[in-house]
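The structure appears right after this line, and notes come after that.
The values are calculated or read from the model by the stated rules, or taken from the named source; none is laboratory data. Only a predicted model underlies this, so the values are computations on that prediction, with no experimental measurement involved. All Cβ positions, even for glycine, are placed from backbone atoms using ideal geometry, and neighbour counts span all protein chains on display. To get the accessible areas, we keep the full protein, side chains included, count just its heavy atoms, and leave off ligands, DNA and RNA. Shrake-Rupley method; radii C 1.70, N 1.55, O 1.52, S 1.80 Å.
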Amino acid sequence: MIQAKSKIGKRLAVLAAVLVVLGALAAHYLYDPWGFYWKVSDEEAALRMQVVETAQSYLGCNEADGSHEQIIDLYNSHQPLAMNYTVQYTDSWCATFVSAVAIQCGLTDIIPTECGCERQIGLFQEIGCWEEFDGAVPLPGDIIYYDWDEKGLRDCTGWADHVGIVVGTKWPFIKVIEGNKGDSVSYRCLLLNDIHIRGFGQPDYASRAKTEP
């Protein structure tokens with residue numbers, strides 16, 4: 001009888017420990033903020049969060065009620081237009097969304113404006129702010145590109161067909177806000193080093209933060 005009670009006690013202790021771990025994990029994912037994987041200066045962090053919060057102000061804008069048109073209009077108001085092309089309300093608008101956020105924040109010098117994902121990647125490469133490594137850990141305000149056709153575990157080098165703005169990380173996940181996700185501005189959560197990650201545009205917020213008044 002004593003031995004049986006001892007076994008029950010051990011099992012209850014293990015169960016309690018498991019519940020504590022599960023509770024901590026639940027609190028981590030439900031309540032802890034999505035944020036920075038490593039520390040940056042307060043000035044840089046503020047600039048990055050300005051981009052994230054501006055993007056979040058458009059959450060829910062969608063094609064069904066035409067509320068996404070304000071994003072297209074903002075993009076088209078910026079001169080010169082990339083490729084001299086005026087984006088139409090019926091076009092895909094994920095890169096247009098990223099560009100519109102950059103325009104609103106006054107950061108087009110570090111976030112190149114484009115309405116096409118591949119061309120925007122090329123512009124990041126030109127200014128030396130492209131991260132090719134799919135498994136890199138991004139910071140809030142970084143720009144993430146996807147290739148949904150990727151099927152293998154190798155480095156993804158295919159044609160980028162979607163883009164979003166990183167909200168933050170919470171290992172092992174990345175939270176992203178995207179335009180034209182299900183025809184609206186919505187969140188996406190995915191694993192770090194997901195096979196569909198094409199790479200990251202990494203705007204030089206640090207140098208820009210130093211020049212802010």
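Among the listed pairs Lys39/Lys210; Lys151/Lys181; Lys175/Lys210; Lys39/Lys175; Lys39/Lys151, those with a Cα-Cα distance over 24 Å are Lys175/Lys210; Lys39/Lys151.
For region 160-199, what class follows from the C-alpha gyration tensor (a ≥ b ≥ c being the square roots of its eigenvalues): rounded when a/c is under 1.5, otherwise prolate if a/b is larger than b/c, else oblate? Oblate, since a/c reaches 1.5 and b/c is not below a/b. With every protein chain in place and a 1.4 angstrom probe, the accessible-area ranking of Asp183, Asp142, largest first, reads Asp183, Asp142. How much accessible surface does Ser184 have with a 1.4 Å probe, in Å² rounded to 10? For Ser184, solvent-accessible area is about 20 Å².
Annotation for region 148-213 versus region 46-64: alpha-carbon center distance of 14 Å. Within the same chain, aspartates and glutamates fewer than 8 places from Lys170 are excluded, and of the rest, those with a Cα less than 14 Å from its Cα are Asp32.
Sparsely packed loop sites in region 151-202 (the trypsin sites (Lys or Arg not before Pro) outside DSSP H, G, I, E and B with at most 15 other Cβ atoms within 10 Å) comprise Lys151, Arg154.
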